[in-house]
Amino acid sequence: MSYEFLVNDIRLMTYNLQLITYNMRILFYILQKEFIQIFRNKGMLPIIFVLPMVQMLILVFAATFEIKQVDMMIVDLDHSPASRQLTNQIMGNKLFRMNAFPTSATEAEQMIQASKSDLALVIPRDFDKKITLHQNPDVQILVDAINGNAAQLGSAYLSNIIRDFHKSILMQQKVAGAPEASVVEIESSFWYNPTLNYRHYMAPGILVVLITVIGMFLGSMNLVREKELGTIEQINVTPIKKWQFIAGKLMPFLLIGLFELIFGLTLAKIVFNIPFVGSFPLLFGISAVYLVLVLSAGLYFSTISDTQQQVTFVVYFLMMVFLLMSGLFTPVESMPTWAQNIDRFNPLFYFVRIMRGIVLKGAGISEIFNDFLALLAYAVGMFSLAIWRYRKTS
Amino acid sequence: MREAVITVKNMVKKFGDFMANDNLNFEVYKGEIFGFLGANGAGKTTAIRILCGLSTPTSGEMKVAGFDIYRETEKIKRNIGYMSQKFSLYEDLTINENIRFYGGIYGIKPEERKRRSKLMLDRLELTPYADRKIGDLPLGWKQKLAFSIAILHEPDIVFLDEPTGGVDPVTRRQFWNLIYEAVERGITVFVTTHYMDEAEYCDRVSIMDEGKIVVLDTPDALKKQFNAANMDEVFVKIARTSPPTPLPNGEGRK
């Protein structure tokens, strides 16, 4: 009796095994065909190699909020030893480039109005006199706040220099033996990116953009192309399974995406000497999940589009929204709360955080576990949605 | 009573208000060449797409190769071949690669596929061109190939939707020879065409007009019935009795 059960079990198992190998073999033929077509496409190799190079070599440098130089003016109405000392101290700072010495505050204002300079310091006529008389001298800072970042940084630096200047004056004037005024000194040490190198911050983000573009566009356009050519009809009359078809469209670009990641990381290492402190396998595993997610999203939209134009438009629009909200260029924390809530649906938000965490902080699976879980759930959902939405029968 | 491989009862397909297929009823017998004729937009492609499982009918009962069209669509697909009017081999793949792909996804074992592929290419005299891309071949060759690949998995039925559109008479003759050979191997052929000389090659012919089947019989019987010398005259007489009306927004295609 139990022997019969065993025989049946074995029979069922062999049958299942045969079914699995049969299905896998069919998937193999689909993949073989996709790979031949992808690499036979003359536009493909340039996309695979030029895209990451352009992104890594140009975008990482260009996409920066880092302020390297502020054009400034000094309106010295005092022409005194003290005002010259302050001027010298400011000019000694690499951030500031003196580009004019107007003779009045009005003239300085006009220059700022004309965008010829970002910042002006007005030293009043009685500057030296007030210092000598132990009164508090005033100076005025005029800032062009169109570029808020530069304005803030410039005026902050300038204020610091003026404070230092003031401190040194006080020291000179200090009466011997008088108790020293206690001052709280703040020394910041920057973790994970100690030199505050903006490129180290941007490069992992740009890598995210790279594999997102690859994932969302290439897969979706490939599927819609079969619709345009009509070859998908021929596929749809075969007994091919829906998951086989979608997986066949997804897997080649998954591999290409992972290759792009290696290529991009290598460039980042060679060109920017990015301190890659995290785990490679972890980064790869998570990137694979992320790629499945974006590829499935692209494929989903291609199942509901008829032409490459349609799908490109939809995917492009979505990518813009996702990218700008991802925290890649602007911190998510500065967004209004409702926008931050919407961002929970943004796969890029999670992936940018994970990527920076792994590459720059060396985050392990425990630190990024929640983000990873969100990504995984999203990927599984999107992949299922793409398969479900693909119709062999219209 | 011959064995029916396709049974269609009350097939209706509507696109909005437009009746593409208005209550079709017919049977196709095993091993015959069934001609499906009609003017452009008469509803032929719509019907063929439904029978292939590419489109769902609005209502009606249909069986193809013994399987129900609603519930057993995937089983039907295993047992049919289809060649659409839109050319459907991969132009950027070679002849061999197309054969390998289509053979592969029908689950034909590699040795068997190679055997069939060799027979087919020898028959088509395309062996020397096996590694040429399909896109580089003349249309006539492509169509013969598309047909041969559509029956590579030896289906019970093959559906041909205007297979000879745009090719010269000689190639059409060669194409029909391939069809006859397929019938000899036991494949039932369901074919739509515009060429009335091709209608003469069919065992039975149905002529559709405005979504309805107007007549269905052997070419000889139809010629007798309409007192016509050939199928061309039959077609014109039928078309004259019911003048074609323009379609709304070309919805019939699709």
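Pick from B:120, B:62, B:83: which is under 22 Å from residue B:177 (Cβ atoms), within 20 Å of the chain's Cα centre (by Cα) and either away from chain A (no Cβ under 13 Å) or free of Cβ contacts under 8 Å to residues at least 60 places away in the same chain (or both)?
Numbers: B:62 fails: under 22 Å from residue B:177 (Cβ atoms); B:83 fails: either away from chain A (no Cβ under 13 Å) or free of Cβ contacts under 8 Å to residues at least 60 places away in the same chain (or both).
Result: B:120 is the single residue among B:120, B:62, B:83 that is under 22 Å from residue B:177 (Cβ atoms), within 20 Å of the chain's Cα centre (by Cα) and either away from chain A (no Cβ under 13 Å) or free of Cβ contacts under 8 Å to residues at least 60 places away in the same chain (or both).
Every listed requirement among (1) within 14 Å of chain A (Cβ to nearest Cβ); (2) under 14 Å from the mean Cα position of the chain (by Cα); (3) outside any loop (DSSP other than H, G, I, E, B) is met by residue B:36 save one, (1). Residues in segment B:78-109 that are in contact with a Lys or Arg (Cβ under 8 Å, 6 or more places away or on another chain) and not in a helix (DSSP H, G or I): B:87, B:89, B:90, B:91, B:92, B:93, B:94, B:106, B:107, B:108. Against the conditions (1) in contact (Cβ under 8 Å) with a residue 24 or more places away in the chain; (2) in contact with a helix residue (DSSP H, G or I) (Cβ under 7 Å, 6 or more places away or on another chain), residue A:344 satisfies every one except (2). Taking the conditions (1) buried (at least 19 other Cβ atoms within 10 Å of the Cβ); (2) under 24 Å from residue B:51 (Cα atoms) in turn, residue B:113 satisfies each one other than (2). Scanning segment B:138-154 for residues that are more than 17 Å from the chain's Cα centre (by Cα) and surrounded by fewer than 19 Cβ atoms within 10 Å (Cβ to Cβ) gives B:138, B:139. The sole residue among B:124, B:145, B:139, B:160 that is within 21 Å of residue A:33 (Cα to Cα) and modelled with pLDDT under 95 is B:145.
Suppose the filter is in contact with a His (Cβ under 7 Å, 6 or more places away or on another chain), in a helix (DSSP H, G or I) and surrounded by 15 or more Cβ atoms within 10 Å (Cβ to Cβ); does residue A:360 pass it? In short, yes.
Matching residues to (1) touching a Ser or Thr at 6+ places or on another chain (Cβ under 7 Å); (2) more than 26 Å from residue B:199 (Cα to Cα):
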| site | (1), (2) |
| --- | --- |
| B:37 | yes, no |
| B:42 | no, no |
| B:63 | yes, no |
| B:71 | no, yes |
| B:87 | no, no |
| B:96 | no, yes |
| B:102 | no, yes |
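Tell me which residues, restricted to segment A:21-42, are modelled with pLDDT under 90 and among the β-branched types (Val, Ile, Thr). Residue satisfying the conditions is A:21 alone. With the condition kept exactly as written, say whether any residue in segment A:115-127 is touching an Asp or Glu at 6+ places or on another chain (Cβ under 8 Å), touching a residue at least 12 places away in the same chain (Cβ under 8 Å), part of a helix (DSSP H, G or I) and surrounded by 14 or more Cβ atoms within 10 Å (Cβ to Cβ). Scanning segment A:115-127, I find at least one residue that is touching an Asp or Glu at 6+ places or on another chain (Cβ under 8 Å), touching a residue at least 12 places away in the same chain (Cβ under 8 Å), part of a helix (DSSP H, G or I) and surrounded by 14 or more Cβ atoms within 10 Å (Cβ to Cβ), so the answer is yes. Of all the criteria given as (1) in contact with a Phe, Trp or Tyr (Cβ under 9 Å, 6 or more places away or on another chain); (2) under 20 Å from residue A:55 (Cβ atoms); (3) of a type outside the set (A, V, I, L, M, F, W, C), the one not satisfied by residue A:264 is (1). Which residues, counting only those in segment A:137-150, are modelled with pLDDT of 80 or more and part of a loop (DSSP other than H, G, I, E, B)? Selection gives A:137, A:138, A:139, A:144. Cβ separations smaller than 7 Å between residues 6+ apart or across chains give the following pairs from segment A:255-274 residues that are more than 21 Å from residue A:34 (Cα to Cα) to residues that are assigned to a helix (DSSP H, G or I) and of a type in the set (D, E, K, R): A:272/A:199.
Could you tell me whether residue B:95 is under 18 Å from residue B:151 (Cα atoms), under 15 Å from the mean Cα position of the chain (by Cα) and more than 10 Å from chain A (Cβ to nearest Cβ)? Lay out the reasoning, then the answer.
Numbers: under 18 Å from residue B:151 (Cα atoms): yes; under 15 Å from the mean Cα position of the chain (by Cα): no; more than 10 Å from chain A (Cβ to nearest Cβ): yes.
Against the criterion (under 18 Å from residue B:151 (Cα atoms), under 15 Å from the mean Cα position of the chain (by Cα) and more than 10 Å from chain A (Cβ to nearest Cβ)), residue B:95 does not qualify.
Within segment A:33-48, residues that are on the phi < 0 side of the Ramachandran plot and surrounded by 13 or more Cβ atoms within 10 Å (Cβ to Cβ) have Cβ atoms under 6 Å from residues that are at pLDDT 90 or above and part of a helix (DSSP H, G or I) in these pairs: A:33/B:101; A:34/A:248; A:34/A:252; A:35/A:252; A:38/A:252; A:44/A:38, counting only partners at least 6 apart in sequence or on another chain. Only one entry in A:259, A:263, A:245 is hydrophobic (A, V, I, L, M, F, W, C), buried (at least 22 other Cβ atoms within 10 Å of the Cβ) and either modelled with pLDDT of 90 or more or part of a helix (DSSP H, G or I) (or both), namely A:245. Scanning segment A:334-357 for residues that are outside any helix (DSSP H, G or I) and surrounded by 15 or more Cβ atoms within 10 Å (Cβ to Cβ) gives A:335, A:346.
Based on what the data block shows, is residue A:206 within 22 Å of the chain's Cα centre (by Cα), part of a helix (DSSP H, G or I) and over 28 Å from residue B:101 (Cα atoms)? Full working, then the answer.
Details: within 22 Å of the chain's Cα centre (by Cα): yes; part of a helix (DSSP H, G or I): yes; over 28 Å from residue B:101 (Cα atoms): yes.
When the stated conditions are applied, residue A:206 passes them.
Pick out the one residue from A:12, A:19 that is without any contact (Cβ under 8 Å) to a residue 12 or more places away in the chain, surrounded by 10 or more Cβ atoms within 10 Å (Cβ to Cβ) and within 12 Å of another protein chain (Cβ to nearest Cβ). Let's see the steps before the verdict.
Numbers: A:12 fails: within 12 Å of another protein chain (Cβ to nearest Cβ).
Going through A:12, A:19 in turn, the sole match is A:19.
Looking for whichever is in a helix (DSSP H, G or I), surrounded by 12 or more Cβ atoms within 10 Å (Cβ to Cβ) and of a type in the set (Gly, Ala, Ser) here; the options are A:366, A:287, A:305. Which one fits? The match here is A:287.
Only one of the numbered conditions (1) within 30 Å of residue A:140 (Cβ to Cβ); (2) modelled with pLDDT under 80; (3) not basic (Lys, Arg) is not met by residue A:194, and that is (1). Would you check which residues across segment B:8-48 are within 20 Å of residue B:204 (Cα to Cα), among the basic types (Lys, Arg) and crowded, with 18+ Cβ neighbours inside 10 Å and list them? B:44, the sole residue that qualifies.
Which one of B:100, B:78 is within 11 Å of chain A (Cβ to nearest Cβ) and touching a Pro at 6+ places or on another chain (Cβ under 6 Å)? Spell out the reasoning first.
Values: B:100 fails: touching a Pro at 6+ places or on another chain (Cβ under 6 Å).
From the options B:100, B:78, the qualifying one is B:78.
Just one of (1) in contact (Cβ under 8 Å) with a residue 12 or more places away in the chain; (2) surrounded by 14 or more Cβ atoms within 10 Å (Cβ to Cβ) fails for residue A:103. It is (2).
Being surrounded by fewer than 16 Cβ atoms within 10 Å (Cβ to Cβ), at pLDDT below 90 and farther than 12 Å from residue B:159 by Cα is true for just one of B:2, B:71. Which residue is that? Before the answer, list the steps.
Numbers: B:71 fails: at pLDDT below 90.
Matching residue, one of B:2, B:71: B:2.
The values are calculated or read from the model by the stated rules, or taken from the named source; none is laboratory data. Everything numeric in this text was worked out from a predicted model, so none of it was measured. Every residue, glycine among them, receives a Cβ derived from its backbone with ideal geometry; neighbour counts consider all protein chains shown.
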